[in-house]
Every structure is written in C-alpha cells, then in structure tokens.
Amino acid sequence: MHIGRSWLVFQLFSAGMFISSAALLPGSFSMYFSMSALSAWWHQKYKLAIFFTAISVLLGWPFVVLISLPILIDIVFRLKYVRLFVFWSIISGVTILLPMIVLDSSFFGKLVMAPVNIVLYNVFNKGGGPNLYGTEPFSFYIFNGFLNFNVIWLLSLMTPIFLLIGYFAVPSRTKQTTLTLPHSLSLAPFYLWMAVMMIQPHKEERFLFPVYPLISLCGAITLDIMQKIFFRIRSAIVKTVSYTHLRAHETGRNL
C-alpha cells in the first residue's frame, strides 16, 4: 500500500507525466497500452496482456515491443503457456493488424504495413534514419529525466541497488516481488528500455514516454526500501540505547 500511495503522488506531481499524458504522440498512446499490458500481466491476466501489447506495438509504436519482452519470457518460457501465447497472438494480429493493412493500403494505393515501415526506416535505413534529426550525448536522458521527475528519477535508477540492500538488510520485511512476479522480471521492462534508448545516437524526450509510469513505480519501491532500512536502523539504535541504560541502572543498583 505504501508503494501504491507513493506512486500515485509521484504521478500527480510529475512534470513528465503532465506532458506525456496529454501529448498526441505514438509514445503517449503506447504508454497507456503498454502499462495496461504490464498491469494485466502482473495480475496474471495473460490474454489481456497479449492483446494490449499488440495494440501498443501495432497501432502505437513498434519499438515498445522491448517493453513486452519480459511478458513473452514469462508466459512462454517460465510458465510454458505456449499455446495460449500463440493463439492470442493470432487473434490480436487478425483483429488489429489485418484491418490496419486494409485501411492503410486503400489510402496509399499500395500494400502498406506501417509498423514494418517504421522499423525499416529507423533501424535498417543506412542512408537516413533518425540520426538525420540530430544526435545527443549519453547524458541527455540523465538530465532530461531529472527535469521531468526530479529526485524520483534518481531513485528509480538506484532501485536495483536498493533491492539488493533491502534483501540483506530487511529480508523479512522487503518483498522481492511485484504481486506474484520477482522484481528482476516485473521491473525489467523499464531497465531494458533505458538500456536500449541510452545507446541510441538520436535522443528525444518523447522516446521515454512509454516508461514514464515505471519511473514513478521504481522510485516508489526505492523510497519504500529506504524507509524500511531507516526504521530498522532506528529500532536497532533504540534497543541498544535502552539496553545500555538498563545495564547502567542495574550496575548502579548493585553498587
């Protein structure tokens, strides 16, 4: 509950969420449906997770398939629900991709598959691609994230470290899971997305829109662990001081 309340507060007062939630951009569209897919996945509603992923990737921005890789790994390799994954992938393709191809092709007068064209231009276009519109240094997203989320951004980047610290410092009170999933899997979409975006020469603020809610979530998890560590240390200090006073009092009485 503490993590949920913190996440809500971070979302409400985030400049980045204010911008991304109302922007008419593919990244904003994909943010909504990618987060819906992750929520369905965390609640073990795998059919919805697959369908929302298809909407996000096909109708929104094809690169957000990176965010969905942990979902695929969990469903296909960890749970081994191969038939479910294949069946609902086909359903998603028939209900989303086929109408897209028909409509786009009718307007352009030739066979068009928009998600494929986007990937071909941005990934395999050697003569052009996104670098035509400028490149930025590695630090671009570091400063941009701080502007949009302030200290929460820094907390989100430190979440893996604090999860490790919390595992040893407060093992009985720090759950290493998001509902039924280990954090190493449930939070992987954020760090996978950041790892890929960071190394791209062409950087834009909107490229991080799809994972903005995960920044708040990771920041909330870090804050929760910091709070538990603080109370653990305070409790240890209080016990030590109380024990010292008790020993001193008993010693004085014996004298």
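The values are calculated or read from the model by the stated rules, or taken from the named source; none is laboratory data. No experiment lies behind these values; they were computed from the predicted model shown. Here Cβ is always computed from backbone atoms with ideal geometry, including for glycine, and neighbour counts include all displayed protein chains. Side chains included, ligands, DNA and RNA excluded: accessible areas come from the protein's heavy atoms. Shrake-Rupley method; radii C 1.70, N 1.55, O 1.52, S 1.80 Å.
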message: With a 1.4 Å probe and all protein chains kept in place, how much accessible area does THR180 have, in Å² rounded to the nearest 10?
response: 80 Å²
Percentage relative contact order, the stretch 38-109, counting C-alpha pairs under 8 Å, at least six apart: 33 percent
- prompt: Tell me, what is the 1.4 Å probe accessible area of TRP41, in Å² to the nearest 10?
  reply: 0 Å²
- prompt: If you place +1 on the Cβ of every Lys and Arg, -1 on the Cβ of every Asp and Glu, and leave all else neutral, what size is the dipole of the stretch 103-223 about its Cα centre, to the nearest 20 Debye?
  reply: 200 debye
query: Distance from the Cα centre of the stretch 1-49 to that of the stretch 91-167, in angstrom?
result: 16 Å
field: Charge sum, other residues only, whose C-beta stays under 12 Å from LEU25's C-beta, Lys/Arg counted +1 and Asp/Glu -1
entry: -1
- prompt: Can you give the accessible area per residue of the chain, in Å², using a 1.4 Å probe?
  reply: 58 Å²
message: Once you keep just the Cα pairs under 8 angstrom separated by 6 or more residues, what percentage relative contact order results for the chain?
response: 27 percent
message: Tell me the net charge near ASN148. Cut-off is 15 Å between Cβ atoms, ASN148 excluded, with +1 for each Lys or Arg and -1 for each Asp or Glu.
response: 0
Gaussian network model of the chain, springs between alpha carbon atoms under 10 Å - residue of LEU12, LEU66, LEU97 with greatest fluctuation: LEU12
task: For the stretch 47-128, run through the trypsin sites (Lys or Arg not before Pro) and keep only the ones in DSSP coil with at most 15 other Cβ atoms within 10 Å of their Cβ.
output: LYS80, LYS110, LYS126
Most mobile listed residue (LEU24, LEU48, LEU208) in the chain, GNM with C-alpha springs under 10 Å: LEU24
message: Report D for the chain in µm² per second (integer): Stokes-Einstein, Kirkwood Rh on Cα pairs, 25 °C, 0.890 mPa s.
response: 118 µm²/s
Rounded if a/c under 1.5, otherwise prolate or oblate - the stretch 1-142, Cα gyration tensor axes: oblate
query: Using a probe of 1.4 angstrom, how much of the accessible area of the stretch 1-48 is carbon and sulfur, in percent?
result: 74 percent
- request: Evaluate the relative contact order of the stretch 62-172 (contact order divided by residue number), counting alpha-carbon pairs under 8 angstrom at least 6 apart; express in whole percent.
  value: 14 percent
